[in-house]
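Student: What follows is a single structure, and I will ask about it in a moment.
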Amino acid sequence: TAFAQASPKYPRWIRINALKTTLDHQLKTTFKDFTRVHAIGEVSSAVSHNLYIDEHVPNLVAVSPGFEVLKTSAYKSGAIILQDKASCFPAYLLDPRLEDGHVIDSCAAPGNKTTHLAAILSSRTVVPEGPPPKVFAFERNGHRAKTLENMVTLAGGDEIIDITPKQDFLKVDPDAKLYQDVGCLLLDPSCSGSGIVDREGLPPIHLPGLTGSAGLKPERNQNRKRKRKGDKDSGPDEQILVDDDGKQTVITSEQELLSRLDTLSSFQFILLQHAFKFPSARRITYSTCSVHSQENEEVVVKALQSDVAKARGWRILTRDQQVSGMKEWPVRGSVDAAHGNETIADACIRTYRDDGRGVMGFFVAAFVRDGSLASHDA
Ligand code: SAM
């Protein structure tokens, strides 16, 4: 595909799909000729077959970018899934347990996190009484819902995942009987996508959501005057935003950028407030592939201050309450953007492109209520 030529500084992150296989089996088969290395830099720079087992997220490996994953039978059968490391954080941080009840993936297509949630649930061993929990996956866009269905089938999640295509999560009634036992929600809404592309405008990784030719060439306004150093009336540096289908747009004026971020963050805030209303919900993760604090820490702070959050006792899941691997992740939120609240900033997990960790720009935070689920692994 167009993405076979990933920028060499980015490794290929591969999630081992526990619904279909194990890490051990993949090490002995798909990756049998690989040399195990212990620093991500050794994978990113090498064209040879090096493999790194991630230290933060279970069942995740990185391999040298030259490796043609798409040609492997493990990829074709859904046993391994191309998924950036940061994109594995939300489901892992949500840490759903069988006893928590059902899980909702509110904005699900193409299904990376949906299938990750199902894999986590399937690997839990203590089975409580009653029917096993499901993952309810909602996707508003019909075309993308089809992609979701295909991915779920390929990944082997049919039995656990219940897809409602063309369903706007905001129109799902939190008090409906079907959702009474929803304990966890994953919110990964549409965002500016500003964390996805690198300086050359290329996605560092293969994203199944990026289809066709979308994603490679940002749309450029050919008549636009190029910004020159010292231009008095020039706007901010060019910003490339990426929509849900991978279409890139170059934003050249600060006003346009702020207006886009404003629209997106209003929607993200409404989505979070809606999630807060599910009666049995105890945990929620909120994530974006944006680097802009307007869509990240600022949404989190605003959500915590909302009436519904206060009325229903939602708090931030603090760093020390997070699952192991996530609390050790060193890059945290911005204190300034969190209105000076260091606890909230430290609870927020960030990633940045180009910082040598080999991941795209991303943000995730978790909300919790009622002490019982606050510290799963503590
Ligand atoms: N979680 C996905 C994954 O990891 O594969 C990526 C999700 S993508 C960032 C956001 C998705 O949410 C898009 O497919 C978009 O169509 C969908 N979406 C946006 N608003 C929605 C809403 N109100 N209800 C349901 N889906 C929505």
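Student: Here is a check on your reading of the model: is Ala155 within 12 Å of the ligand (Cβ to nearest atom) and more than 17 Å from Thr21 (Cα to Cα)?
Tutor: It is false that Ala155 is within 12 Å of the ligand (Cβ to nearest atom) and more than 17 Å from Thr21 (Cα to Cα).
Student: Only one residue in Gly195, Gly215, Gly209 is modelled with pLDDT of 90 or more and closer than 30 Å to Glu68 by Cα. Which one?
Tutor: Going through Gly195, Gly215, Gly209 in turn, just one is modelled with pLDDT of 90 or more and closer than 30 Å to Glu68 by Cα: Gly195.
Student: Just to be sure before I move on: is Asp24 surrounded by fewer than 23 Cβ atoms within 10 Å (Cβ to Cβ), among the acidic types (Asp, Glu) and more than 16 Å from the ligand (Cβ to nearest atom) in the structure I sent?
Tutor: Yes, satisfied.
Student: Considering region 272-281 alone, what residues qualify as being in contact (Cβ under 8 Å) with a residue 40 or more places away in the chain and surrounded by fewer than 22 Cβ atoms within 10 Å (Cβ to Cβ)?
Tutor: If the condition is that a residue be in contact (Cβ under 8 Å) with a residue 40 or more places away in the chain and surrounded by fewer than 22 Cβ atoms within 10 Å (Cβ to Cβ), then His274, Lys277, Pro279, Ser280 are the ones that fit.
Student: Turning to a different aspect of this structure: Filter region 130-147 down to the residues that are of a type in the set (A, V, I, L, M) and either more than 9 Å from the ligand (Cβ to nearest atom) or buried (at least 24 other Cβ atoms within 10 Å of the Cβ) (or both) and list them by number.
Tutor: Those that are of a type in the set (A, V, I, L, M) and either more than 9 Å from the ligand (Cβ to nearest atom) or buried (at least 24 other Cβ atoms within 10 Å of the Cβ) (or both): Val135, Ala137.
Student: Has region 231-251 got at least one residue that is more than 21 Å from Ala86 (Cα to Cα) and within 20 Å of the chain's Cα centre (by Cα)?
Tutor: no
Student: When region 299-332 is examined, which residues are found to be without any contact (Cβ under 8 Å) to a residue 40 or more places away in the chain and either among the aliphatic types (A, V, I, L, M) or surrounded by 13 or more Cβ atoms within 10 Å (Cβ to Cβ) (or both)?
Tutor: Val299, Lys302, Ser306, Val308, Ala311, Thr318, Arg319, Lys327, Val331, Arg332
Student: Which of the residues that make up region 167-184 are away from the ligand (no atom under 12 Å from the Cβ) and outside any loop (DSSP other than H, G, I, E, B)?
Tutor: Lys177, Leu178, Tyr179, Val182, Gly183, Cys184
Student: Can you list the helices (runs of 4 or more DSSP H) lying wholly within region 52-129 that have 1 or more residues being more than 14 Å from the ligand (Cβ to nearest atom)?
Tutor: By residue number, 73-76, 112-122.
Student: Cβ-Cβ below 8 Å, separation at least six or inter-chain, first residue in region 14-42 and touching a residue at least 60 places away in the same chain (Cβ under 8 Å), second outside any loop (DSSP other than H, G, I, E, B) and among the hydroxyl-bearing types (Ser, Thr, Tyr): which pairs?
Tutor: Asn17/Thr115; Ala18/Ser122; Leu19/Thr115; Leu19/Ser122; Ile40/Tyr52
Student: Could you list all residues from region 178-193 that are touching a Pro at 6+ places or on another chain (Cβ under 7 Å) and of a type in the set (A, V, I, L, M, F, W, C)?
Tutor: Selection gives Cys184, Leu186.
Student: Related question: For region 340-369, give me each residue that is more than 19 Å from the chain's Cα centre (by Cα), without any contact (Cβ under 8 Å) to a residue 60 or more places away in the chain and surrounded by 16 or more Cβ atoms within 10 Å (Cβ to Cβ).
Tutor: Asn341, Ile344
The values are calculated or read from the model by the stated rules, or taken from the named source; none is laboratory data. Please read all numbers here as calculations on a predicted model, not as lab measurements. Note that we place each Cβ from the backbone using ideal geometry, even for glycine, and neighbour counts take in every protein chain shown.
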